[in-house]
1. Regarding Glu32, is this residue at pLDDT below 90, among the charged types (D, E, K, R) and out of contact with any Cys (no Cβ under 9 Å at 6 or more places or on another chain)?
2. Could you tell me which residue of the stretch 77-87 is modelled with the highest pLDDT, considering only residues that are within 26 Å of Leu47 (Cα to Cα) and surrounded by 11 or more Cβ atoms within 10 Å (Cβ to Cβ)?
3. Tell me which residues, restricted to the stretch 44-69, are charged (D, E, K, R) and either part of a strand (DSSP E or B) or in contact with a Lys or Arg (Cβ under 6 Å, 6 or more places away or on another chain) (or both).
4. Report whether or not Gly14 is surrounded by fewer than 10 Cβ atoms within 10 Å (Cβ to Cβ) and either in contact with a strand residue (DSSP E or B) (Cβ under 8 Å, 6 or more places away or on another chain) or not assigned by TED's automatic domain parsing to the domain that holds Pro103 (or both).
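The values are calculated or read from the model by the stated rules, or taken from the named source; none is laboratory data. Here the structure is a predicted model, which is why all the values come from computation and not from measurement. Methodologically, a virtual Cβ is constructed for each residue, glycine included, from the backbone with ideal geometry; neighbour enumeration extends over all protein chains shown.
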Amino acid sequence: MATNKNVIILVPNGRRQNVGVTPNTTILQILEEVCQKYGYNIDDYDLKHYNRVLDPNAILRFTGLANNAQLEMVPCTKARSISIVTIGIQLENGERLMTEVTPNTTLAEILQNVNFNEDLEKITLIYMHREFL
C-alpha cells in the first residue's frame, strides 16, 4: 500500500501539476502551492472536482477525494471575505474558553488574549487531527 498520495491540478495555462499531499493537507494549501509555482493570485481561484467547488478550509481526509484525483483551478465566483470567527478552547479539566477573533490571528495571540493561566512554552494544541506546539 503506497503512503505517498498526490492530486493532479489542471492549471488555467493548460498544464498539469502533481501535488504531494497528506491526509491533513487542506485544499487551501494545495491551491497555495500551485499558485506560488505558476505566479497566480490565490484569492482569484478555487479548486473544483467535477462540478463541485471544494471548500478551501476542508482537510483532504474529509473531502472524499481519491489518490490521484484531478482537480481544476477555476476563477472564483464569490470573493473570499474575512469575518469574525468564534474560537472555543477546551482545557484538560473540561473548562471551555470562548473568544471572537479575526482569521489572521495566530494561536499564540489567541491564548494570550483569553485569560489562559498556563505557560505558553509547555502547551500542546490539537486542532482537526493536527498538533501545534
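1. Taking the combined requirement at face value, the residue does not satisfy it.
2. Filtering first and then ranking leaves Val85.
3. Within the stretch 44-69, Asp46, Lys48, Arg52 qualify.
4. On the way: surrounded by fewer than 10 Cβ atoms within 10 Å (Cβ to Cβ): yes; either in contact with a strand residue (DSSP E or B) (Cβ under 8 Å, 6 or more places away or on another chain) or not assigned by TED's automatic domain parsing to the domain that holds Pro103 (or both): yes.
Yes: the conditions hold for Gly14.
This table checks each residue for (1) surrounded by 10 or more Cβ atoms within 10 Å (Cβ to Cβ); (2) of a type in the set (Val, Ile, Thr); (3) in the same structural domain as Asp44 (by TED's automatic domain parsing); (4) within 19 Å of Tyr45 (Cβ to Cβ).
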position	(1), (2), (3), (4)
Ala58	yes, no, yes, yes
Arg61	yes, no, yes, no
Ala69	yes, no, yes, yes
Ile89	yes, yes, no, no
Glu92	no, no, no, no
Arg96	no, no, no, no
Thr99	yes, yes, no, no
Leu107	yes, no, no, no
Val114	yes, yes, no, no
